[in-house]
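Report on one structure; see the data block that follows.
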């Protein structure tokens, strides 16, 4: 069908005719274009009747006239019969996939002028984000900035194959991106072209991505071996400049995690993982260090790496650049030249040894050995047998800095074993250098209602203008054997404007008093503020304290309902604990994993619960209904634009919908929502993705934004807000009002394939960045699906993996990144996830989607599934448990389990209301005014032409032959 869309002349003409811009001056009298379902059905019926009639008439004439006397006439009759069957068959296929076709051949609402303007803004913003998100890791002897207009050699195969982002939903069109050489030249540097050409010659051809079979990134190491470097090449490079940039890249992608052994990959070693240098890279770096006076390493990876080599003699400076997106390399070059002072801070902990993290042995592939299921992967001819999978979040809350900043603390004294820490951690969470120096101090702290405000004075004490980040953490009182607590937890942050030397700025960093509470999942089953002193710390990063104040809680407080909650909170996920022995700081040695978790047998209970057809619906307990009559209340969806969720008109509006309309709306949510005639809802377009508009099926591509890690590394929510504004305006220019973004899953492990698509290992940074983007996009009328809700923190086995975790970790680490954009950003759309929480699919988990999301947090809007391509993803289960929309372009309608019972119909209505509410709080009615559906014109015209052709052929072929005298 994709080829048909690209090559079909009629559809190309139609696309040109419908690409005129749409005015948004007033609401239309009707938002219904031609009803594709009815027209396709009518066309099928008429075509079938016409074909049958023609063939019947032909048979009658053949019997009476016996005209088929030659082989040629018999072949012609056969071909016309086949064409007749093909006409009916094609129409039947159109009817089967009418919603898909109607979505992907829908009229275009793109405005080329607005697209051009919006893309210009987006490109400028990508550069700006990169300038503030790039992190200066090393700068020995003030190697950076380099002398302006100087010459540079650029080493590494990645110098001509920069990892701009990742693959899958977060991918983008990279063909027009600024490459590193262009960026450097734009900043005034001269680049050794001979070296660039050498790498281009050794670059393998890049293969395209199969969107139906996403298997992560390309983990081969294509670095040329040292014997490929000729003596003249190095000699000429040394003569060209004494400065060398070395690019080290790592990539990731949807569908698979990064390998913990490189034995199966080109230039990889069995005893090395992907996030450390391979021997061929070490050899290249050694050659560069021996031959050049200044060596600057650019770390082009959104995944944290083992970077101990940056401390080696001969490496003079290093910048972490993440995934720079379309124009980010302009920003990197400006930092190298000194035009911009780097101000980014890391949002992940960089350990010397990845295996030191407690997640290391519980990341990847783990099987239940005694239970299997059959599935036919994309491209396979026969079903294959797979084991059910699980993953243990054994580390509990001790993820990233929460582990490293706690592991070496004496529980009795609170003192850090500094030597042990420094041996484990190279760059702490929040780390980053500058070309200047700053002084930070707390100048005030006050309790303001339910919030605590910390005032921080930041002064530029150096001789170069720059920005600085203020980070406020807290240390809660800890009792051995009590509630688990990280030694430090990020409470809030802010970033200065550009400060000239000697200038100061005061920042007011506010956070909820409730944020100091820890979740007690064992005793109180609620949030708890233990009595004692809470150290409020101004820190340079998660490790180095600059200043502190004390906040005292006089007596223990059990917070059954925090100020921001809409309902009381208690344990909702006790079934997800499993038989895991969770890490505790009271007994590191006895609870930290020291080897990889073994595959194991599932219990009978687990086997029953993960069965892919166990949708947790008791059909016998529901009340059958014969027929559901639609009401005529005279309402249109446009009447409820901006209406409160509790407005009684919603129930009246939804009551106008037929059961068939509700099932079509819910079941066909792949990159769009369908039109609904009874409430005058227009068809609406939603697209990926987190790093820019990515119409996987439609071929719509926007500007590629920086990887989310770079956005987070700016520590600047104003920039995230700017991104929300620019992203939304670009979407609207393309005629899009829904975006599958942002993604806020946690960097639980550096090996996660989609860390480029997620912000950080910390939920506060993740949530604050997402909230700023969501809120600003929604102000523009674009709703964003914050994803993937929840605990979808690895790619291996993501489809249906049983995820085991305790409630404290679930709430404090994994849900908090979603909680913030709901409560602070006003999110109206959420995407659920593939995985199970315990054994219960997240997309059909009422504890997650109703109890926590809607009841506790007060979410109002729709929840869409992740891509609905697995049979355990039941629409009937989803809508009974807070899910609303199935993300599938081919349709997955609720079944008779829902259409034939009172409870099912109620669930259909609730889901429909949630979808309609989100649409009514968007710019949909300003954009989707009715246009001609040219594909229907082509369908009808083609049928008329082909049936006429068959008819004329049959008439001529079966005509009575004149007898020869």
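The values are calculated or read from the model by the stated rules, or taken from the named source; none is laboratory data. The structure presented is a predicted model; accordingly, all values stated were derived computationally and were not measured. For neighbour counting, all protein chains shown are included, and Cβ atoms are generated from backbone atoms with ideal geometry for every residue, glycine included.
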message = Can you find a residue that is in a strand (DSSP E or B) and more than 19 Å from residue 353 (Cβ to Cβ) anywhere in the stretch 407-415?
response = yes
key: residue 482, sole failed condition from (1) touching a residue at least 60 places away in the same chain (Cβ under 8 Å); (2) more than 13 Å from residue 539 (Cβ to Cβ); (3) in the same structural domain as residue 549 (by TED's automatic domain parsing)   = (1)
task = For residue 616, indicate whether it is in contact with a strand residue (DSSP E or B) (Cβ under 9 Å, 6 or more places away or on another chain), under 20 Å from residue 834 (Cβ atoms) and buried (at least 16 other Cβ atoms within 10 Å of the Cβ).
result = yes
query = Can you name the residue in the stretch 302-312 that is in a loop (DSSP other than H, G, I, E, B) and in contact (Cβ under 8 Å) with a residue 24 or more places away in the chain and is also surrounded by the fewest Cβ atoms within 10 Å (Cβ to Cβ) among such residues?
reply = 306
note = Quick count over the stretch 59-99, residues being within 58 Å of the chain's Cα centre (by Cα) and either part of a helix (DSSP H, G or I) or loosely packed, with under 15 Cβ neighbours inside 10 Å (or both), is 24
Restricting the stretch 319-378 to residues that are at pLDDT below 95 and part of a loop (DSSP other than H, G, I, E, B), the residue that is nearest to residue 489 (Cα to Cα) = 364
key: Some residue of the stretch 389-398 being more than 22 Å from residue 801 (Cα to Cα), surrounded by 24 or more Cβ atoms within 10 Å (Cβ to Cβ) and modelled with pLDDT of 95 or more   = no
query = Is at least one residue of the stretch 700-722 part of a loop (DSSP other than H, G, I, E, B), touching a residue at least 12 places away in the same chain (Cβ under 8 Å), outside the structural domain of residue 320 (by TED's automatic domain parsing) and surrounded by fewer than 24 Cβ atoms within 10 Å (Cβ to Cβ)?
reply = yes
query = Of the residues 452, 509, which is in a strand (DSSP E or B) and surrounded by 22 or more Cβ atoms within 10 Å (Cβ to Cβ)?
reply = 452
